[in-house]
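Q: Quick one: the structure is below, and I'll ask about it shortly.
The values are calculated or read from the model by the stated rules, or taken from the named source; none is laboratory data. Predicted model only: the values in this text are computed from it and were never measured. Methodologically, a virtual Cβ is constructed for each residue, glycine included, from the backbone with ideal geometry; neighbour enumeration extends over all protein chains shown. For the accessible areas, the whole protein counts, side chains as well, though only heavy atoms, and no ligand, DNA or RNA atoms are used. Shrake-Rupley method; radii C 1.70, N 1.55, O 1.52, S 1.80 Å.
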Amino acid sequence: MAMLHRTRRALLGVAALLTGGALALSGAGAAQAGGQAPALVQPMDGGTCTGNWHYIGSPGNFTMYGTYAGQVQQLWDSSCNKLQAHWQWADSFQRAHSQGTVCVALVSPTSGKVEPYVCGPITQKDVSAWGWVHDANPDDWRAQANMWTPDRNCYNDAWGTDHWYGGQDWAAPHPGGGC
């Protein structure tokens, strides 16, 4: 009987730890949406960026069904030259629509290079794709999001500022919308 109580206590401790971790992760997304970039990110290759995140340019806003659906924004971590294309759904759009998919990527429109394309459902608050600065020639990047209606009858995209990492913005953001 004592063994059963210890096992239950251990399982409750693990559950509390997992719940706390999930809350911490969801809090990181909320902080980012509020204008602060995440403090520490594990890049896909296992290395660690120190969190010197900078928002690059302006976001690309997306409208679907006549309603603001969300936005895509480019972030750069100067400590490791890591880029992020970050999408965040608008809360009101998520509540009003149970289906939908968004895909994000880092795109170098001048060189034609595309970093990994990552898709996520409307039930996932944030969708991010990662890439490296200096992987294109010329070294210009924008965060891009593509969205479809659930029946795939309507498609559109939006992107943030096209930024050249030699020191200037090359193109303004492009809002997306329709359907």
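Q: Given the peptides 75-84, 137-146, arrange them by the average over their residues of other C-beta atoms within 10 Å, most packed first.
A: The most tightly packed comes first, giving 137-146, 75-84.
Q: Output the relative contact order of region 58-179, whole-number percent, from Cα pairs under 8 angstrom with separation of 6+ residues. Don't skip to the end; give the middle numbers.
A: Details: 344 pairs, mean separation 35.6, N = 122.
RCO, region 58-179: 29 percent.
Q: In percent, how large is the relative contact order of region 93-148, given Cα pairs closer than 8 Å and 6 or more residues apart?
A: Value for region 93-148: 44 percent.
Q: Counting only heavy atoms of protein chains, what accessible area per residue, in Å², does region 116-160 have with a probe of 1.4 Å?
A: Accessible surface, normalised per residue, equals 46 Å².
Q: Roughly speaking, what is the stretch gain from V114 to H97, that is 0.36 nm per residue apart minus the C-alpha to C-alpha distance, in nm to one decimal?
A: Additional length available on full extension: 3.2 nm.
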